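Right, one structure below, let's go through it.
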Amino acid sequence: MSSVVLATAGYDHTIRFWEATSGICYRTLQYADSQVNKLEITSEKQYIAAAGNSQVRLFEVNSNDPQPVSSYEGHQGNVTAVGFQKDSKWMYTGGEDGTVRVWDLRSPGCQREYGSRAAVNTVVLHPNQGELISGDQTGHIRVWDLTANACSCELVPEVGTAVRSLTVALDGSMVVAANNHGTCYVWRMLRGTSLTTHFEPLHKLRAHSGYILKCLISPDVQQLATTSSDKSVKLWNLDGFSLERTLTGHTRWVWDCVFSVDAAYLVTASSDATARLWDLSTGEAIRTYSGHHKAITCCALNDSAIDGRDADS
């Protein structure tokens with residue numbers, strides 16, 4: 001089993017798997033239905049989910065089978081968000097149809113559906129595994145309590161300004177929302193006497209002049225990465241929200257990014273049809289992944305150790 005799984009996808013209807021260090025593409029999957037909007041790899045590296053226009057397909061990571069092992073239909077229009085519960089028992093999605101959905105991977109169909117009243121652009125799972133947080137086109141952020149099966153909280157940082165991306169710290173300490181005006185809103189997350197999360201405004205960060213397409217808190221909760229339509233990627237110190245580094249080199253919009261598990265590297269995906277691997281200690285792009293024929297809109301990386309083994313074993 002590969003210790004590092006790196007994949008990219010986008011508008012050329014393919015999913016490509018890469019050897020992270022050499023930059024060689026060793027497997028290409030055809031995604032005939034549509035472009036691919038989002039990719040996510042399960043924690044144990046068995047499956048990769050690809051979200052497209054109206055469906056999600058699940059493929060085996062370590063296989064030569066070009067066919068998906070399962071497909072999930074139900075959304076109308078683009079599926080814009082996909083992720084997994086930590087033990088990969090269920091998957092969550094969000095879509096242009098204004099719904100957030102939960103899918104049990106062991107049984108067919110969609111088990112839960114929450115309505116957001118506007119196109120959903122981003123969904124993240126709280127580390128407590130009990131709350132989904134969604135951001136939509138009209139600027140609403142909603143917390144969906146999976147135990148109560150209801151919306152437990154609503155935030156509107158900027159009325160009418162689309163929330164493009166959400167990220168939650170792995171320790172559950174903060175959440176960041178990035179919008180179409182290039183602004184990040186940061187909240188401290190507090191657990192009250194009830195099980196519901198409370199949000200305390202912490203900071204407003206004017207990060208880019210263009211759209212922010214992705215924001216992501218590093219696994220060690222030290223940095224925030226933002227990718228933008230201005231072709232740059234910025235890294236911010238979460239201790240004071242100062243700009244630590246700007247990564248330049250992509251020649252078109254940067255749609256997605258993902259940190260290595262040790263937060264030493266970042267992979268980015270761009271409309272320039274390349275993905276890049278950045279050494280964050282120097283800010284240099286140390287590898288370029290070339291092979292897609294059109295815009296790359298998403299990337300996924302899982303380089304974590306499995307079952308207590310070292311990642312390089």
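Among the candidates L146, L190, L132, L170, the residue that is free of Cβ contacts under 8 Å to residues at least 60 places away in the same chain, open to solvent by 10 Å² or more (accessible area, probe 1.4 Å) and in contact with a strand residue (DSSP E or B) (Cβ under 6 Å, 6 or more places away or on another chain) is uniquely L190.
Of all the listed residues (E60, E40), the sole one being at pLDDT 95 or above and under 18 Å from A269 (Cα atoms) is E40.
For the range 145-165, a residue qualifies if it is farther than 18 Å from R206 by Cβ and assigned to a strand (DSSP E or B), and the qualifying residues are D145, A150, C151, S152, C153, E154, L155. Could you check, for the range 2-16, whether at least one of its residues is aromatic (F, W, Y) and surrounded by fewer than 21 Cβ atoms within 10 Å (Cβ to Cβ)? Yes, because at least one residue in the range 2-16 is aromatic (F, W, Y) and surrounded by fewer than 21 Cβ atoms within 10 Å (Cβ to Cβ).
Looking at the range 86-98 only, could you name the residues that are more than 19 Å from D33 (Cβ to Cβ) and crowded, with 18+ Cβ neighbours inside 10 Å?
Step one: list which residues in the range 86-98 are more than 19 Å from D33 (Cβ to Cβ), which gives 86-90, 92, 98.
W90, Y92, G98 - these are the residues of the range 86-98 that are more than 19 Å from D33 (Cβ to Cβ) and crowded, with 18+ Cβ neighbours inside 10 Å.
Taken over the range 36-64, the criterion of being open to solvent by 30 Å² or more (accessible area, probe 1.4 Å), in contact with a Phe, Trp or Tyr (Cβ under 8 Å, 6 or more places away or on another chain) and not in a strand (DSSP E or B) is satisfied by S43 alone. Go through the range 1-25 residue by residue and tally those that are touching a strand residue (DSSP E or B) at 6+ places or on another chain (Cβ under 6 Å) and of a type in the set (S, T, Y). So the answer is 2. Hey, among the residues in the range 17-33 that are open to solvent by 10 Å² or more (accessible area, probe 1.4 Å) and in a loop (DSSP other than H, G, I, E, B), which one's farthest from Y289 (Cα to Cα)? My answer is D33.
The values are calculated or read from the model by the stated rules, or taken from the named source; none is laboratory data. No experiment lies behind these values; they were computed from the predicted model shown. Glycine gets a Cβ as well: all are built from the backbone with ideal geometry, and neighbour counts include every protein chain shown. Each accessible area value is taken on the protein alone, full model and side chains, heavy atoms only, with ligands, DNA and RNA left out. Shrake-Rupley method; radii C 1.70, N 1.55, O 1.52, S 1.80 Å.
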